[in-house]
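For reference, the structure discussed in these notes is given below.
Throughout, read-outs are computed from the coordinates displayed, never taken from laboratory work. From a predicted model like this one, the values you see are computed outputs, not experimental measurements. In this analysis, Cβ positions are derived from the backbone assuming ideal geometry, glycine residues included, and neighbour counts consider all displayed protein chains.
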Amino acid sequence: KLHCQRNTVHINMFISFILRSIICFIKDIDITPEVYYSSTIEGVTSFGQAWICKSVYVIFYYVLTANFMWIFVEGLFLHTFVLSTKYNVSRHIYRTFLILGWCVPLLSVIPWVIVRYMFENTLCWNTMDNRFFWIIKGPIMVTCVINLVFFINIIRVLYTKLNAAHTKDPNKYRKLARSTLVLIPLFGVYYAVFIAVPICMDPNLEVIWMYSEMFFNSFQ
């Protein structure tokens, strides 16, 4: 049955990835060059005050946060599914998943917009001040850490079940390794490493970090 809660959770996560890709293209192609290559300070300031530019970055950070939140929801759903004795998750929990995925990101993005407007209303809101950017990065880091805990717990449960059901199966460790390789991109485990990277870093290291993240994202 294609129309089920599990597939709907997957579809919402895929939609968040699609939206993330689209807004990244819009941000990088239509917005960023005008800011970075303006020849005068007045040009940067006038363009930075344009609400159309700031709105693009607000949408970008919302979609980015929603994308991480849906990765978290995917991990929460699978963790609940593996540990639950029921085959399907109740509709009440499913509605909670929808709220977590699309509404909870507003709880970090809206305060960031208010703080940015009041204390750092400069340029195109594309600069990352450590004091304010933690409003967005903090919740993302929390979801990545929780997903890592979910991942470890699910691997533990799978290992226990394999030992119980296939005591003499010589391929049980291969099955566990295969399951682990599938779960790593699904849970975004590598984000727990990348999210700890400092906001401001050496440009050469930043390029390596970006290519590494895109490489792992392609498997998701």
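Given 0.36 nm per residue, what is the gain on full extension from Ser84 to Val149 after removing their alpha carbon distance, in nm?
21.7 nm is the gain from fully extending Ser84 to Val149.
On full extension of the chain, what length is gained from Asn7 through Cys103, given 0.36 nm per residue of separation minus the C-alpha to C-alpha distance?
Between Asn7 and Cys103, full extension yields an extra 32.6 nm.
So for the pair Ser21, Leu123, with labels modelled 7 Å out along Cα→Cβ, what separation do we get in nm?
Label at Ser21, label at Leu123, 2.8 nm between them.
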